[in-house]
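Structure first, commentary second.
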Amino acid sequence: MNELSFELYACTGWRPKVDVYRCADGWLVKLEIAGVAEQDIRTEVKHDVLIVEGRRRDLCIPNILEPLSMEINYDHFRRTIRLPGVIESMQIRTEYSEGMLLIKLRNRE
């Protein structure tokens, strides 16, 4: 498949933004998930689908009476990214830095 044709959709909770790049030896998927603890992130590959899910928890601040404005999404998220071809046989490496999760999928050669 020459064209990049992937599907992004959410199942529950909030939708972190996702960038997908084709590389010479595979794919790079980048998710914007600031505030999510690394231990609250899970990745899984099934055939041609990369599943990333996790949870951003609200930090409890003492002595708050009531919120005036709340724009940050908390709770569970799940992103499903369909990539061309079978990716379950690829090497997968993740890196989490400064609120960005980088998932590198490389051909095993």
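The values are calculated or read from the model by the stated rules, or taken from the named source; none is laboratory data. As the structure is a prediction and not an experimental result, all values here were calculated from the model. Don't worry about glycine lacking a Cβ; one is built from the backbone with ideal geometry, like all the others, and counts go over all protein chains shown. What goes into the accessible areas is simple: the full protein's heavy atoms, side chains included, and nothing from ligands, DNA or RNA. Shrake-Rupley method; radii C 1.70, N 1.55, O 1.52, S 1.80 Å.
Quick notes on this structure:
- Checking every one of the trypsin sites (Lys or Arg not before Pro) in the range 67-109 against DSSP loop status and a limit of 15 other Cβ atoms within 10 Å picks out R108.
- Per residue, in Å², the accessible surface of the range 28-106 once ligands and nucleic acids are set aside, probe 1.4 Å: 65 Å²
- Restricting the range 42-75 to trypsin sites (Lys or Arg not before Pro) that sit in a DSSP loop and have at most 13 other Cβ atoms within 10 Å of their own Cβ leaves R57.
- (1) 51; (2) 43; (3) 38, with the label sought being that of the calculated percent of Cα pairs over 20 Å apart: (2)
- Distance between the range 77-108 and the range 17-75 - C-alpha centres, whole angstrom: 13 Å
- Within the range 35-90, GluC sites (Glu not before Pro) in DSSP loop having at most 16 other beta-carbon neighbours inside 10 Å: E71, E88
- Accessible surface of the chain, 1.4 Å probe, proportion on carbon and sulfur as whole %: 47 percent
- A 1.4 Å probe, protein heavy atoms only, puts the accessible area of D58 near 80 Å².
- The listed residues T94, T43, once ranked by accessible area (1.4 Å probe) with the largest placed first, stand as T94, T43.
- Among V86, I51, P67 the positive-end extreme of the charge dipole of the range 8-109 (Cβ point charges): V86
- The residues neighbouring H76, those whose beta-carbon lies less than 12 Å from its own, together hold a net charge of +4 under the Lys/Arg +1, Asp/Glu -1 convention.
- Environment charge of L50, counting only residues whose C-beta is closer than 9 Å and scoring Lys/Arg +1, Asp/Glu -1: +1
- Candidates L50, L65, L31: whichever shows maximal mean-square fluctuation once the chain is modelled as a Gaussian network with Cα springs under 10 Å: L65
- Candidate residues V20, V52: accessible-area rank, largest first, probe 1.4 Å: V20, V52
- Counted by Cβ distance under 9 Å from E32, the other residues give a net charge of +1, where Lys and Arg count +1 and Asp and Glu count -1.
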